[in-house]
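Report on one structure; see the data block that follows.
The values are calculated or read from the model by the stated rules, or taken from the named source; none is laboratory data. Source: prediction; values computed, not measured. Positions of Cβ are generated from backbone atoms using ideal geometry, with glycine treated the same way; all protein chains shown enter the neighbour counts.
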Amino acid sequence: MTSSRARLSRRESLTGYAFVAPNLVLLTVFVLVPLVWAVVISFQQTNGFGAGRFIGLDNYARLATDPVFWRSTANTVLFTVIVTPVSMALGLGIAVLLNSVLPARGVFRSIMIVPMAISGVATALIGVLVFDQDTGILDKLLRSIGLPAVNWQSGGTAAFASVLLVTLWWRVGFNMLIYLAGLQAINLELYEAARLDGASGWQRFRYLTVPLVGPSSFFLLILNVVYSFQVFDIVFVMTGGGPENATSVLVTYAYDNGFVTGDQGYAAAIGMFLLALTLLFTLIRWRTSRTRDLVE
Amino acid sequence: MELDRRHFLTAAGALTLPAVLAGCGFAPSSSGPAASGTDTLSFTTWGTDAELAGFRTAIAAFEKANAGSKVALNAVPYAQMFTNIDAQLQAGNPPDIFRVPYYTFGSYAGRGQLLDLSPKLPSGFSDRFTPQAWAAVQNKGKPFGVPHHTDTTVILYNKALLTKAGVTDIPTSLDQAWTWQQFENVAQQLRKSLPADRYPFAYNWQGNGVTRWLSWLFEVDGRFLAEDLVTPAIDSDAGRKAVDFTKSFFANKLVPQNSSVKSTKLAADLWYAQTTAMNFGGAFLIPDAATSLDFEWGATYSPRNVRSASDFGGNALVATAKTKNPDLAAKFLDFMTGAEQMKGFCEGASLLPTRRDLSKDGITFKVRPELSPVFLGQASTVLPRDSGQVASPSMSKIITVLKDQLEQAFVGGQDTATTLKGISDGIAQATAS
């Protein structure tokens, strides 16, 4: 009886392992092995081909004194700090608007979601057409209404702004979609009660909507931060990291080192730094998440 | 054995796994051009439609001339070409033959990735090429590829815009090419005639094209590497002249500010859009320009200083060190640089030959044939000592150094002395590693 139960239990375990095996294999092959490999390469000097030469922490020491690396880090952090709250705020604002009784709201929702269906590279190419400082639509528009044209491609701040604007255009629709789902799960009686208590429109938004879409905000915060740390395609196509590294971010800088210069050891060290940065954020998120659970 | 639902699902999962992995490219595939018999060569290249048509014609002729031999052409987009080649070389399954620009040739040859052709090629083989072309495929005195074609930079100009600015005396022979001073005067004349958002010219030094900046250095008889091809030689009077002159293009608004070396905007696109009146560009632009531009345009020689110079553009064909059929690979490279094949390829794709006889007798482009002598004349100004430096194994790192420092000089306001020191230090680091 006991041995039969044990055999059944073992069989169930084996079946369970069989089900998770494909995912585990894929995770190991495409995530864990490359990750460990990248750690190993980050301690090597490589010339693009063949085995590298172990040089200890030299690549990491080089990071500390590389001004382009620090510029890229600062740009990545600035990009994250701007894109995350702005795309969430705009997403929430538009979601609230499109959750109300608005004529043709289905059309507006679709228009907002369309950028999500476009690849990053295609989005960036559209961005080039808009922000080209010689033939772009935006500068032509500015000139036509008597405003001075902006050097979107040769001015550092303007180039960074152009990357931010295109990213926001791309990301706001996704933020809106998640918030819209969150808003539709809120019981309308709460708003009715607040209205009866004399709460103004702003008060209902501030003290009801914002806290009640908390889980959506939490989810979006994580996604937006991780996305921003990993931004590559839009920067690569629109500005290539220029002018004068004004838009260089960690992933474009790692790409340049790994695939243009052939210095894969140094590129892997940059990747490890990015991993550490992401882990640090995850740790902070995990701590604040636990605290919030306790408060609730 | 009883087949229950669990057994069935377990077995199905096990059976599906290899298919999933194969779909991800993890398991080896038995089909595709990589599969090769003893008399089959795999050849990876990118190319314009005209270039690929030229390759297909030449391959058909090779297969006809060598019964039983096959060449599997694998045409890939340029953007993926070298990421793929590098990955294949690292994984140990590269193609037998691939096409490579001269400025990255050295990084493959210098790291043992290419086949040393010296024991495979017939004696006197090098005599068929111009000295500058043969110098561009050497590594430590041995040939690791064949110079398949070249291209070089001349000035393409918008006739109406130059006429409007009063620039009518345009050089028609190499010895009459504008001097730097004359070229600057022409550019200033255009500056006065054009509106503020239009510019006299743009230079094609964006991205890896930064090696074309070296033409300015060569024109004042400068070098960036000493004769040992290791020691930096750019911190010189010639280097100062080249940096000062090219910096002045941006300071004097002779070129668009978004046409610096790290810009994603290509010089040709600025000219196509008539943002610039003149464009420094290669012959490969001719077919597109001839069909798509709705303004009249011509071509003249690049400016000269102490001497005329130009970039040794274009591509070599190389065999990989691990090819299973080195003899057939060498035979193919020999065939592709035969007079008939090279002439047909270059005329069809608007590119320049690397053979002595064709360079001397000339070729005639199928499109805008009257421009052929301008490009051939300009190409003759490349010296072996210029193209030999660009074949350095450290060139990919030197390119990064040039891009970083020239960007700072052109649009970042960095002074010439700091720029030259930065390039010199960067070259020293690149050649030492």
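Would you check which residues across region A:110-161 are closer than 25 Å to residue B:271 by Cβ and polar (S, T, N, Q) and list them?
A:133, A:135, A:144, A:151, A:153, A:154
Do we have residue B:103 as modelled with pLDDT under 90 and crowded, with 22+ Cβ neighbours inside 10 Å here?
yes
Which one is farthest from residue B:104 (Cα to Cα) among residues in region B:383-394 that are at pLDDT 90 or above and crowded, with 22+ Cβ neighbours inside 10 Å?
B:386
Out of A:168, A:142, which single residue is part of a helix (DSSP H, G or I), on the phi < 0 side of the Ramachandran plot and touching a residue at least 40 places away in the same chain (Cβ under 8 Å)?
Numbers: A:142 fails: touching a residue at least 40 places away in the same chain (Cβ under 8 Å).
Just one listed residue meets the conditions, A:168.
Where the second residue is outside any helix (DSSP H, G or I) and not acidic (Asp, Glu) and the first is away from chain B (no Cβ under 14 Å) and lies in region A:214-243, which pairs have Cβ atoms under 7 Å and are six or more apart or on separate chains?
Partner pairs satisfying both residue conditions: A:231/A:249.
For (1) of a type in the set (S, T, N, Q); (2) assigned to a strand (DSSP E or B), each residue gets a yes or a no:
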residue: B:148; (1), (2): no, yes
residue: B:163; (1), (2): yes, no
residue: B:172; (1), (2): yes, no
residue: B:188; (1), (2): yes, no
residue: B:222; (1), (2): no, no
residue: B:234; (1), (2): no, no
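If we scan region A:269-277, do we find a residue that is touching a residue at least 24 places away in the same chain (Cβ under 8 Å) and not in a helix (DSSP H, G or I)?
The answer is no; no qualifying residue exists.
Looking only at region A:171-208, which residues are polar (S, T, N, Q) and either touching a Leu at 6+ places or on another chain (Cβ under 7 Å) or assigned to a loop (DSSP other than H, G, I, E, B) (or both)?
If the condition is that a residue be polar (S, T, N, Q) and either touching a Leu at 6+ places or on another chain (Cβ under 7 Å) or assigned to a loop (DSSP other than H, G, I, E, B) (or both), then A:175, A:187, A:200 are the ones that fit.
Inside region A:244-263, can you point out the residues that are within 13 Å of another protein chain (Cβ to nearest Cβ) and either in contact (Cβ under 8 Å) with a residue 24 or more places away in the chain or assigned to a loop (DSSP other than H, G, I, E, B) (or both)?
Filtering region A:244-263 down to residues within 13 Å of another protein chain (Cβ to nearest Cβ) leaves A:244-248, A:252-253, A:255-263.
Those that are within 13 Å of another protein chain (Cβ to nearest Cβ) and either in contact (Cβ under 8 Å) with a residue 24 or more places away in the chain or assigned to a loop (DSSP other than H, G, I, E, B) (or both): A:244, A:245, A:246, A:247, A:248, A:252, A:253, A:261, A:262, A:263.
In region A:33-53, which residue that is part of a loop (DSSP other than H, G, I, E, B) and farther than 17 Å from residue A:63 by Cα is modelled with the highest pLDDT?
Ranking the candidates gives A:52 first.
Return only the number of the condition from (1) modelled with pLDDT under 95; (2) surrounded by fewer than 18 Cβ atoms within 10 Å (Cβ to Cβ); (3) among the small types (Gly, Ala, Ser); (4) more than 21 Å from the chain's Cα centre (by Cα) that residue B:79 does not satisfy.
(4)
Do we find that residue B:243 is part of a helix (DSSP H, G or I), touching a residue at least 24 places away in the same chain (Cβ under 8 Å) and among the β-branched types (Val, Ile, Thr) in this structure? Explain how you work it out, then say what you get.
On the way: part of a helix (DSSP H, G or I): yes; touching a residue at least 24 places away in the same chain (Cβ under 8 Å): yes; among the β-branched types (Val, Ile, Thr): yes.
So residue B:243 passes the test.
Would you tally the residues in region B:40-93 being within 13 Å of chain A (Cβ to nearest Cβ) and on the phi > 0 side of the Ramachandran plot?
Number satisfying all stated conditions: 1.
One residue is enough: does region B:220-230 have a residue meeting the conditions at positive phi and touching a residue at least 24 places away in the same chain (Cβ under 8 Å)?
yes
Looking at A:125, A:190, which one is within 14 Å of another protein chain (Cβ to nearest Cβ) and surrounded by fewer than 20 Cβ atoms within 10 Å (Cβ to Cβ)? Even if it seems obvious, please write down each step before you answer.
Numbers: A:190 fails: within 14 Å of another protein chain (Cβ to nearest Cβ).
Exactly one of A:125, A:190 is within 14 Å of another protein chain (Cβ to nearest Cβ) and surrounded by fewer than 20 Cβ atoms within 10 Å (Cβ to Cβ), namely A:125.
Residues to consider are B:143, B:95; find the one that is at pLDDT 95 or above, surrounded by 18 or more Cβ atoms within 10 Å (Cβ to Cβ) and in contact with a strand residue (DSSP E or B) (Cβ under 9 Å, 6 or more places away or on another chain).
On the way: B:143 fails: in contact with a strand residue (DSSP E or B) (Cβ under 9 Å, 6 or more places away or on another chain).
Within the list B:143, B:95, the selection yields B:95.
With the requirement that a residue be among the hydrophobic types (A, V, I, L, M, F, W, C), surrounded by 16 or more Cβ atoms within 10 Å (Cβ to Cβ) and not in a helix (DSSP H, G or I), what does region A:145-165 give you?
If the condition is that a residue be among the hydrophobic types (A, V, I, L, M, F, W, C), surrounded by 16 or more Cβ atoms within 10 Å (Cβ to Cβ) and not in a helix (DSSP H, G or I), then A:149, A:150, A:152 are the ones that fit.
Taking residue B:360, is it surrounded by fewer than 20 Cβ atoms within 10 Å (Cβ to Cβ) and at pLDDT below 90?
yes
Here are some residues: A:82, A:94, A:111. Which one is β-branched (Val, Ile, Thr), part of a helix (DSSP H, G or I), free of Cβ contacts under 8 Å to residues at least 60 places away in the same chain and away from every other protein chain (no Cβ under 14 Å)?
Criteria check complete, one pass: A:111.
Show the residue pairs that are 6+ apart or on different chains and have beta-carbon atoms under 6 Å apart, the first residue being within region B:380-401 and in contact (Cβ under 8 Å) with a residue 12 or more places away in the chain and away from chain A (no Cβ under 14 Å), the second being assigned to a helix (DSSP H, G or I) and aliphatic (A, V, I, L, M).
These pairs meet every condition: B:384/B:135; B:387/B:135; B:388/B:135.
Based on this model, can you work out whether residue A:281 counts as within 30 Å of residue B:409 (Cβ to Cβ), touching a residue at least 24 places away in the same chain (Cβ under 8 Å), away from every other protein chain (no Cβ under 14 Å) and not in a loop (DSSP other than H, G, I, E, B)?
The answer is no for residue A:281.
Would you confirm, using the coordinates I've provided, whether residue B:412 is more than 23 Å from residue B:231 (Cβ to Cβ) and outside the structural domain of residue B:127 (by TED's automatic domain parsing)?
Here the answer is yes, as residue B:412 does meet what is asked.
Just checking, how many residues over region A:16-45 are closer than 16 Å to residue A:261 by Cβ and more than 10 Å from chain B (Cβ to nearest Cβ)?
Residues of region A:16-45 closer than 16 Å to residue A:261 by Cβ: A:41-42, A:44-45.
Subset that is more than 10 Å from chain B (Cβ to nearest Cβ): A:41-42, A:44.
Total satisfying the criteria: 3.
Taking only region B:105-163 into account, find how many residues are acidic (Asp, Glu) and under 16 Å from the mean Cα position of the chain (by Cα).
Applying the first criterion (acidic (Asp, Glu)) to region B:105-163 yields B:116, B:127, B:151.
From the residues that got through so far, the ones that are under 16 Å from the mean Cα position of the chain (by Cα) too are B:151.
Qualifying residue count, region B:105-163: 1.
Among B:191, B:240, B:212, which is closer than 30 Å to residue B:117 by Cβ and outside the structural domain of residue B:110 (by TED's automatic domain parsing)?
None of the others qualify; the one that does is B:212.
Being among the aliphatic types (A, V, I, L, M) and farther than 10 Å from residue B:96 by Cα is the filter here; which residues of region B:311-329 pass it?
Initially, region B:311-329 is screened for residues among the aliphatic types (A, V, I, L, M), giving B:316-319, B:321, B:328-329.
Residues satisfying the conditions are B:316, B:317.
Which condition number does residue A:158 fail, the rest of (1) away from chain B (no Cβ under 14 Å); (2) over 22 Å from residue A:93 (Cα atoms) being met?
Answer for residue A:158: the failing condition is (1).
Residues are listed down the side, and each one gets a yes or a no for (1) surrounded by fewer than 17 Cβ atoms within 10 Å (Cβ to Cβ); (2) over 17 Å from the mean Cα position of the chain (by Cα); (3) hydrophobic (A, V, I, L, M, F, W, C):
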residue	(1), (2), (3)
A:72	no, no, no
A:80	no, no, no
A:95	no, yes, yes
A:111	yes, yes, yes
A:121	yes, no, yes
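Picking from B:177, B:136, which residue would you name as being more than 23 Å from residue B:273 (Cα to Cα), at pLDDT below 95 and not polar (S, T, N, Q)?
B:136
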